[in-house]
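Heads up: the structure comes next, in structure tokens.
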Amino acid sequence: MEYTRRSLLAGAITTGVVGAAGCLGGDGSDGSDGSGGSGDGEAAVGLDTGEYDCDLTEPADPDLEYRPTLGDPEADVLVQAFEDFTCPHCASYKLEEFPTIREEYLAPGDVRYEHWDFPIPVNEAWAVPVASAARGVGARGGDEAFFDFSTAVYESQGSYSGEAIGAAAETAGGDPCAAMADAEFTAYESASMADRSEGESIGVSGTPAIFVNGDPVEGYGADAISAAIDAALSGD
């Protein structure tokens, strides 16, 4: 089933601006303006590779079209999750609520689930770099690797570092040096910012913001998301 931008806009218009239950855009802890990233292809973070002893070089030809996805690609129900890797509410969602959704709906193939970046950023130094590392792990290793990396790296939120990114990549079966290079040079910044622009166009103002078939879910608890999915599955 094809989901168009028009259908997503319709859902946002009928329900209003969403995402206010979590981290709000424009009020990052570092006083940033929400732009995020380096924007010029230069090293953004100055990562200390620590025990990995990597020689970081700018990645060539990152797959900017990669969309992290789980579930049945032909499912009639689409779930979209907009996240900022530096938002504490996103960490709570991914570590505490998402496992229920994954087990109940993704494992049996009832829905198509997509990750979308929405760098507010809560922390300008890390939002886009960590998102870039996650996308790189997924683009090289597949969707399961992306979501495994995301879970592992969220567990290090508040103490992000080159070693934390490398360790999360290893947990996901990926190359720690490649993940750190993606972070250092914000290799997927344009993809992350395109996601953010799309989110803004449908009413996202904070994270995490969850949509089911274009309709925003109030909050990010597993119960609320499950109710929305069940309604969509039943045609209500």
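The values are calculated or read from the model by the stated rules, or taken from the named source; none is laboratory data. Remember, it's a predicted structure, so these values are computed and weren't measured experimentally. Reconstructed Cβ throughout: ideal geometry from the backbone, glycine too, with neighbour counts over all protein chains shown.
Observations, loosely collected:
- Which numbered condition Ser226 misses (of (1) within 19 Å of Leu95 (Cα to Cα); (2) touching a Pro at 6+ places or on another chain (Cβ under 8 Å); (3) in a helix (DSSP H, G or I)): (2)
- Filtered residues of the range 161-181 (kept if buried (at least 23 other Cβ atoms within 10 Å of the Cβ) and either in contact with an Asp or Glu (Cβ under 6 Å, 6 or more places away or on another chain) or in contact (Cβ under 8 Å) with a residue 60 or more places away in the chain (or both)): Gly162, Ile165, Gly166, Ala172, Pro176, Met180, Ala181
- Candidate set from the range 52-81 (those that are small (Gly, Ala, Ser) and in a loop (DSSP other than H, G, I, E, B)); member that is nearest to Arg102 (Cα to Cα): Ala75
- In the range 192-214, residue surrounded by the most Cβ atoms within 10 Å (Cβ to Cβ) [restricted to those that are in a helix (DSSP H, G or I), of a type in the set (Ser, Thr, Tyr) and over 12 Å from the mean Cα position of the chain (by Cα)]: Ser201
- Entry remark, the range 100-134: residues being in contact (Cβ under 8 Å) with a residue 60 or more places away in the chain and within 26 Å of Ala164 (Cβ to Cβ) number 19 in total.
- Residue satisfying condition, being buried (at least 17 other Cβ atoms within 10 Å of the Cβ), aromatic (Phe, Trp, Tyr) and not in a loop (DSSP other than H, G, I, E, B), within set Phe85, Phe98: Phe98
- Some residue of the range 3-22 being outside any loop (DSSP other than H, G, I, E, B), surrounded by 11 or more Cβ atoms within 10 Å (Cβ to Cβ), modelled with pLDDT of 90 or more and out of contact with any Lys or Arg (no Cβ under 6 Å at 6 or more places or on another chain): no
- Failed item, numbered, when Glu104 is tested on (1) modelled with pLDDT under 95; (2) closer than 23 Å to Glu218 by Cβ; (3) of a type outside the set (S, T, N, Q): (1)
- Test for Asp143: is it at pLDDT 95 or above and surrounded by fewer than 24 Cβ atoms within 10 Å (Cβ to Cβ): yes
- All conditions but one from (1) modelled with pLDDT under 95; (2) closer than 22 Å to Gly138 by Cα apply to Ala75; the one that does not is (1).
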